[in-house]
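Quick one: the structure is below, questions incoming.
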Amino acid sequence: MKLPVGVFAAFLALLGVAVADDRPTCEIPPYLLFGNNELKRVTAVVKDDRRLTVAVVGTGSSALAGPDGPSSAYPGRLQEVLRQRLPGVAVKVVTLVRSRQTADDMAKGMAKLMVDERPDLVVWQSGTIDAIRRIEPDDFRAALDEGIEAVQKAGADIILMNMQYSPRTEIMVALDPYADTMRVVAQQHEVPLFDRLSIMRHWSDTGAFDLYAGGKDNFLASRVHDCIGRGMAAMILDAAHLHVSEHKAAQ
Amino acid sequence: MVTTGRDLRLDLFRGIALWLIFLDHIPSNLVAWITIRNYGFSDATEIFVFVSGYTAAFVYGKEMRERGFVIASAHILRRAWQIYVAHVFLFAIYLAEITYVATSFENPLYAEEMNILDFLKQPDVTIVQALLLKFKPANMDVLPLYIVLLLLFPPILWLLRLQSTVALAASALLYALTWHFNWNLPSYPSGHWYFNPFAWQLLFVFGAWCALGGAERLAGVLHSRITLAVAVAYLVFAFLITLTWVLPGTSQFVPSWLEEVIYPIDKVNLDVLRFAHFLALAVVTVHFVPSDWPFLNSVWLRPAIICGQHSLEIFCLGIFLSFAAHFAMTEISGGFWMQVLASALGIVIMIAAAGLLTWYKRAEGRHPGSRPKKTPDADLAGGEA
């Protein structure tokens, strides 16, 4: 009687290892990803012109160091997933990442960027440096308004992306007031918000990633960025009503 | 209402507020879902500031009557100094924790977040700014607020004793002017104080006003059924609004005109909605917990009451314990059971420390050669009449 049970258990354990070695189960609950705000410009250029240029504007947390950094950071992953999901569409994701920039620094450069890169969609990652430097919330809000208006004036769509969830440094910086500001601003301008903070917190809570862990290599970082890139792609396709894939999940 | 005896309710609710502040200060703590900030606009800070104003007026008001303005003011300022020393002590502990985290932790995912530690590169500037109360790490904003409130308190107390209504009106006027002109104290490296003293003084002065006879004057209003009904209705409204922050997809049920009116709910400047929420909580509490409630003397409430009676020490201990809990969560495990364990253990340590302080105070008082205790202690709500 006991042997088959033992064999079965061993089989289950092997299966468990096999599953654990596979892609991380970094599912994102739909309410964190899908909303009512649309990306009309994206819909139009993909359907009419069969092309899409995305500009990722952000700071250090939108990039990874090392030789494979550009391809494994989320903008690179986003480009790859969008190309898979939108066959026949010329997808290009350009990254305009400079570390230590506040929202105001980035907002100031937004108009020029719209001329230089002519993106159809801007993914604007912001908030971390502002929270670290404790920028006045009203000034932060005004900078976000300015940046969004510059993008919209140029006729492009925009997605805001907030900070990373970083449990180790959580006690050192108050992110929530800045995350709240971004939520309110996104709501007022009716633009989608990629709530990276809540999404990564969800991954931490469900055990998808151990975000407390250290380690010098890019192993954890590239897996997290891969999931962020996939989630972002799912958000874009949903908000632009490009239901190329039958399931909406981030996987 | 309150006459000469101790009102144990103040100790009780300040003690509970200290526990809630501790729970709220542990990051990523699921246990913090039980704290009141998740069920309405105000949080434990309001309770703490109000009760602190109440007890400060009760203790120092009595002293001002008996020993004059100068002596009472000197004691108030000494109290402010004690709180300043406590704040600097906590800052040292904070530096110890984060420098450890900075040197022991490396993860490319969080390269950007490590910029938080930039200030360590300029200790000459940072430490001086911290001593000036301009550089305040996250969660270390309450004590600087308390210091400024006490520094401003001698003239306010003087005026409260002379013309309490005028003093309260002046406080409300300062609050209004602060909102109108955006007054606040500057912070380092940028921005302003997280708890704006010019706005939060309203709650402190209101607490002091209640202690000096205001509560008795309000008794009629406080005990009317209409007030209670309005308070309950407002609490329900606030609860429903906070629900829309946490339940996905429910925020669309809040009409946009209402959003325009109520948002943002400004904690920095003690939003009117927060103040009103605290008042509503107070009305309901006073209604259901009368000062002669027999259960107040029950052994079950002793832990909270003794914590409330040693508020400065227990507050500081709570901040330290929240650092320690965060440290344990990063170094050992951040799992749910660790959060529960750290939360429960922290509160037990706070109670044990308060018990020790109570014992120590009593032992010191009984010692035959000890100097007689003359100076008042703002910790003891109501003091010994």
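Output the helices (runs of 4 or more DSSP H) that fall wholly within the range B:1-119 and possess 2 or more residues being free of Cβ contacts under 8 Å to residues at least 24 places away in the same chain and more than 14 Å from chain A (Cβ to nearest Cβ), or say none. Give the steps one after another, and end with the answer.
On the way: elements: B:8-25, B:44-67, B:69-104.
The qualifying helices (runs of 4 or more DSSP H) are B:44-67, B:69-104.
Here's a follow-up. List the residue pairs whose Cβ atoms are under 7 Å apart, where the first residue sits in the range A:174-189 and is over 14 Å from A:Ile158 (Cα atoms), the second is acidic (Asp, Glu), and the two are 6 or more positions apart or on different chains.
Close Cβ pairs satisfying both conditions: A:Tyr178/A:Asp130.
Here's something else I'd like to know. Residues of the range A:205-223 being closer than 23 Å to B:Thr103 by Cα and out of contact with any Ser or Thr (no Cβ under 6 Å at 6 or more places or on another chain), which ones?
Selection gives A:Phe209, A:Asp210, A:Ala213, A:Gly214, A:Gly215, A:Lys216, A:Asp217, A:Asn218, A:Phe219, A:Leu220, A:Ala221.
A further question on this structure: With B:Ala32, B:Ala74, B:Ala86 as the choices, which residue is in contact with a helix residue (DSSP H, G or I) (Cβ under 7 Å, 6 or more places away or on another chain), among the hydrophobic types (A, V, I, L, M, F, W, C) and more than 30 Å from A:Leu211 (Cα to Cα)?
Checking each option against the conditions leaves just B:Ala86.
Considering only the range A:31-42, state which residues are in a helix (DSSP H, G or I), more than 9 Å from every other protein chain (Cβ to nearest Cβ) and surrounded by fewer than 19 Cβ atoms within 10 Å (Cβ to Cβ).
Looking only at the range A:31-42, we keep the residues that are in a helix (DSSP H, G or I), and these are A:31-33, A:40-42.
Going one step further and asking which of them are more than 9 Å from every other protein chain (Cβ to nearest Cβ), we end up with A:33, A:40-42.
Correct list: A:Lys40 only.
Name the single residue that is surrounded by the fewest Cβ atoms within 10 Å (Cβ to Cβ) among those in the range B:240-259 being more than 10 Å from chain A (Cβ to nearest Cβ) and under 26 Å from B:Asp141 (Cα atoms).
B:Val246
For the range A:211-223, name all the residues that are in a helix (DSSP H, G or I), facing chain B (nearest Cβ under 8 Å) and more than 11 Å from B:Tyr110 (Cα to Cα).
none
Given the conditions (1) under 17 Å from the mean Cα position of the chain (by Cα); (2) under 25 Å from B:Ala172 (Cα atoms); (3) hydrophobic (A, V, I, L, M, F, W, C), and given that B:Ala304 satisfies all but one, which numbered condition is not satisfied?
Going through the list (1) under 17 Å from the mean Cα position of the chain (by Cα); (2) under 25 Å from B:Ala172 (Cα atoms); (3) hydrophobic (A, V, I, L, M, F, W, C), B:Ala304 breaks only (2).
Consider only pairs whose beta carbons are under 8 Å apart and that are at least six residues apart or on different chains; among these, list those whose first residue lies in the range B:260-276 and is at the interface with another protein chain (Cβ under 9 Å from one of its Cβ atoms) and whose second residue is hydroxyl-bearing (Ser, Thr, Tyr) and buried (at least 19 other Cβ atoms within 10 Å of the Cβ).
Partner pairs satisfying both residue conditions: B:Pro264/A:Thr181; B:Lys267/B:Tyr194; B:Val268/B:Tyr194.
Then there is this: Look through B:Leu159, B:Leu150, B:Leu212, B:Leu145 and report the one residue that is in contact with a Phe, Trp or Tyr (Cβ under 7 Å, 6 or more places away or on another chain), closer than 27 Å to B:Gln82 by Cβ, assigned to a helix (DSSP H, G or I) and not hydroxyl-bearing (Ser, Thr, Tyr).
Criteria check complete, one pass: B:Leu145.
A short reminder: the numbers here are calculations on the coordinates, not readings from a lab. This is a predicted model, so every value here is computed, not measured. All Cβ positions, even for glycine, are placed from backbone atoms using ideal geometry, and neighbour counts span all protein chains on display.
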